[in-house]
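Worksheet: the structure to be examined is printed underneath.
Please treat every number below as a calculation from the coordinates, not as lab data. Quick caveat, the model's predicted, so the values are computed rather than measured. Here the Cβ positions follow ideal geometry from the backbone for every residue, glycine too, while neighbour counts run over all protein chains shown.
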Amino acid sequence: MSDIRTCPTCGAKAKYKEKGGVESFTAVQDEEAFKKIGQMKKAMQKFKDKAEALEKELAELKQTK
């Protein structure tokens, strides 16, 4: 998932990457794309939370058998 932050140089929304201690920012050109990225991140988090809950429930069921 993309990490969206404000660029310290220009103040625009940008994708943040850190590799080998070097930070880099790549501009997000389209405001609509930025909104979609945010929506996707929220949806992915919901699915991740559901998967973790199901894994926990499965582990509990395996222990009771």
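Among the listed pairs 17/41; 15/36; 13/48; 19/42; 13/36; 15/35, a Cα-Cα separation exceeding 19 Å is found for 13/48; 19/42.
Here is how the number arises for the chain: DSSP H runs of 4 or more residues each give -39500 (n - 2.57), the sum is divided by the residue count, and the result at 222 nm is -19000 deg cm²/dmol. Annotation for residue 10 and residue 62: the two label points, set 7 Å from Cα along the Cα-Cβ direction, are 4.9 nm apart. Along the charge dipole of the chain, pointing to its positive end and built from +1/-1 on Cβ of Lys, Arg, Asp and Glu, which listed residue (40, 7, 59) has its Cα farthest out? Working it through, the farthest residue towards the positive pole turns out to be 59.
For segment 16-30, backbone phi angles converted through the Karplus equation (6.51, -1.76, 1.60; θ = phi - 60°) give residue-by-residue couplings of 9, 9, 10, 9, x, x, 9, 8, 9, 10, 10, 4, 8, 6, 10 Hz, Gly and Pro being listed as x. Quick one: Debye curve from the alpha-carbon atoms of the chain only, equal weights, vacuum; give me log10 I(q)/I(0) at q = 0.21, 0.23, 0.24 Å⁻¹ to two decimals. With one equal scatterer per Cα and no solvent, log10 I(q)/I(0) is -0.86, -0.94, -0.98. Relative to the longest principal axis of the Cα atoms of the chain, helix 31-64 runs at roughly 20 degrees. Pairs of Cα atoms nearer than 8 Å and 6+ residues apart set the relative contact order; for the chain it is 18 percent.
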